[in-house]
Amino acid sequence: MDKKSRTEKKFRGMIREDIRPWGKFRAYPHAQVRSLKIITVNPGAALSLQFHHRRSEFWVVLDKGLEVTVGEKTWQPEKGEEVFIPKKIPHRLRCVGVEPARVMEVWIGRSTEMDIIRLQDDYGRTS
């Protein structure tokens with residue numbers, strides 16, 4: 001996405017990286033966070049193409065082998081890549097690799113699992 005939202009700029013601006021003798025860490029802001037998950041997707045499987053009314057999401061790609069769709073853009077992110085998904089923007093996660101692959105998902109905004117609007121779903125689920 002070319003134009004970053006205020007929410008994304010604010011969230012990314014609060015991420016801090018600290019270099020240590022043994023390496024580094026990235027600290028993510030947690031005041032706005034409602035949920036933190038590690039999502040594992042099996043080879044050939046995909047989450048729904050979905051969006052949320054009440055939350056944005058921030059994904060950190062933990063493994064290679066994923067395909068990410070955000071809005072009109074679809075790509076295979078690198079391990080460690082960070083992806084911001086604004087609320088109300090369709091998105092999907094698919095495993096195109098031969099091993100299960102993971103992302104860390106951070107919810108930004110007050111929301112629950114009920115805030116999923118499914119546009120497409122390989123398993124016949126509806127919102």
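The values are calculated or read from the model by the stated rules, or taken from the named source; none is laboratory data. From a predicted model like this one, the values you see are computed outputs, not experimental measurements. Positions of Cβ are generated from backbone atoms using ideal geometry, with glycine treated the same way; all protein chains shown enter the neighbour counts.
Looking only at residues that are surrounded by fewer than 12 Cβ atoms within 10 Å (Cβ to Cβ) and over 11 Å from L47 (Cβ atoms) in the stretch 113-126, which one is modelled with the lowest pLDDT?
Checking each candidate, the answer is T126.
Filter the stretch 1-20 for residues that are more than 18 Å from G109 (Cα to Cα) and modelled with pLDDT of 85 or more; which is farthest from the chain's Cα centre (by Cα)?
The extreme case among them is R20.
Name the single residue, out of those in the stretch 25-44 being outside any strand (DSSP E or B) and of a type outside the set (G, A, S), that is nearest to S111 (Cα to Cα).
Selected residue: Q32.
Of all the strands (runs of 3 or more DSSP E) wholly in the stretch 56-127, which have at least 3 residues that are over 14 Å from the mean Cα position of the chain (by Cα)?
Where strands (runs of 3 or more DSSP E) fall fully within the stretch 56-127 and carry at least 3 residues being over 14 Å from the mean Cα position of the chain (by Cα), they are 117-120.
Which residue, of I38, I15, is touching a residue at least 12 places away in the same chain (Cβ under 8 Å), surrounded by 12 or more Cβ atoms within 10 Å (Cβ to Cβ) and among the β-branched types (V, I, T)?
I15 is the lone residue from the list that is touching a residue at least 12 places away in the same chain (Cβ under 8 Å), surrounded by 12 or more Cβ atoms within 10 Å (Cβ to Cβ) and among the β-branched types (V, I, T).
Just a yes or no: is a residue in the stretch 87-98 at pLDDT below 95, farther than 17 Å from L36 by Cα and surrounded by 12 or more Cβ atoms within 10 Å (Cβ to Cβ)?
For the stretch 87-98, residues at pLDDT below 95, farther than 17 Å from L36 by Cα and surrounded by 12 or more Cβ atoms within 10 Å (Cβ to Cβ): absent.
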